[in-house]
Amino acid sequence: MKIKITSDSTCDLSPELVEKFNIGIVPLHVIMGGKTYSDGVDVVPEDIFRYVKETQALPTTAAPSTEEYKEVFSSYLKDYDAVVHINISSKTSSSYDNACVAAKDFKGKVFPVDSYALSTGQGLLALKACDFAAEGKSPGEIAETLEAMRSRVNTSFVPDALDYLHKGGRCSLAALMGAKILKLHPFIDMKDGRLYAKKKYMGGIERCLKAYVDELAQQYKNYDKARCFITHSSCGPETVAKVRSLVEQLFGFDEIYETVAGNVVTSHCGKGTLGVLFIYE
């Protein structure tokens, strides 16, 4: 049985991984200055940074419409027997709901999966779907397995600054000013499909990222060693290299992928955000 694995663009998988695993990507939309762009197609994070600097406002984002999903699913079903589609968390976007409505037109051939994650937390599930398809699982089994696994995906990150979170209404002015004065960096985690501030670190960003990785290693003794993502929003190469070195020391992943966060995630979290994402047991 030929199964096509697809995902929303918010999975933040690199073009190389998308090509290697033959994953279809459905772009979300980024709206800036009254113009709508397709995530990963005609807009890059640098465009967002420039827009925010010039306007002091955040871009808005929008899910693919039901009709857009129908077009994508229909195109793949010309060559495949079924489609398993991994969506960004339904608690943060209407993408999953729209995909489910679209799937009804295809009489059991399209299986939307609510990842309860975003960024490469969602990407990890997309790659697992590819693994399962290669093992010969049916599309229903793949979807069911992913839904059982999604609660064990560590989707977390540490932002360098809270400006974008404040502009987006996710951080109060008092919290923003306090973070700047005290050099506070929140450990933002995802639980039941929603983001929340788990704790706060104090000090420079590299010191905070070290504390963050140390804490992950202490908390997750048992984990899927197949792969891990270090996903960041335009962090400096030296910072990323230091985090990678620490991950290599504290964990035993077979593959560590470094990826740059896409436009939708960047729009909400801002420059200098970094996360280490993996599946735990």
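So the values come out like this:
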{"quantity": "Unmet requirement for residue 10, which otherwise passes all of (1) under 29 Å from residue 107 (Cα atoms); (2) in contact with a helix residue (DSSP H, G or I) (Cβ under 7 Å, 6 or more places away or on another chain); (3) of a type in the set (Val, Ile, Thr); (4) not in a helix (DSSP H, G or I)", "calculated": "(4)"}
{"quantity": "Answer residue from segment 13-30, given it is assigned to a helix (DSSP H, G or I) and of a type in the set (A, V, I, L, M, F, W, C) and is nearest to residue 276 (Cα to Cα) among those", "calculated": "17"}
{"quantity": "Complete set of residues in segment 179-209 that are modelled with pLDDT under 80 and open to solvent by less than 20 Å² (accessible area, probe 1.4 Å)", "calculated": "179"}
{"quantity": "Checklist (1) under 29 Å from residue 58 (Cβ atoms); (2) small (Gly, Ala, Ser); (3) in contact with an Asp or Glu (Cβ under 9 Å, 6 or more places away or on another chain) applied to residue 226, failing item", "calculated": "(1)"}
{"quantity": "Residue satisfying condition, being at pLDDT below 95 and surrounded by fewer than 19 Cβ atoms within 10 Å (Cβ to Cβ), within set 236, 262", "calculated": "236"}
{"quantity": "Strands (runs of 3 or more DSSP E) wholly inside segment 31-123 containing at least 3 residues that are more than 26 Å from residue 234 (Cβ to Cβ) and modelled with pLDDT of 90 or more", "calculated": "82-87, 110-114"}
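Okay, residues lined up against (1) buried (at least 16 other Cβ atoms within 10 Å of the Cβ); (2) closer than 27 Å to residue 28 by Cβ; (3) of a type outside the set (Lys, Arg); (4) touching a helix residue (DSSP H, G or I) at 6+ places or on another chain (Cβ under 9 Å):
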{"site": "214", "(1), (2), (3), (4)": "no, no, yes, yes"}
{"site": "227", "(1), (2), (3), (4)": "yes, yes, no, yes"}
{"site": "232", "(1), (2), (3), (4)": "yes, yes, yes, yes"}
{"site": "240", "(1), (2), (3), (4)": "yes, yes, yes, no"}
{"site": "245", "(1), (2), (3), (4)": "no, no, yes, no"}
{"site": "273", "(1), (2), (3), (4)": "yes, yes, yes, yes"}
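The values are calculated or read from the model by the stated rules, or taken from the named source; none is laboratory data. Just so you know, these numbers come straight off a predicted model, no measurement behind them. We place every Cβ from the backbone using ideal geometry, glycine too, and count neighbours over all the protein chains shown. The protein model used for the area step is the full one, side chains on, heavy atoms only, and it has no ligands, DNA or RNA in it. Shrake-Rupley method; radii C 1.70, N 1.55, O 1.52, S 1.80 Å.
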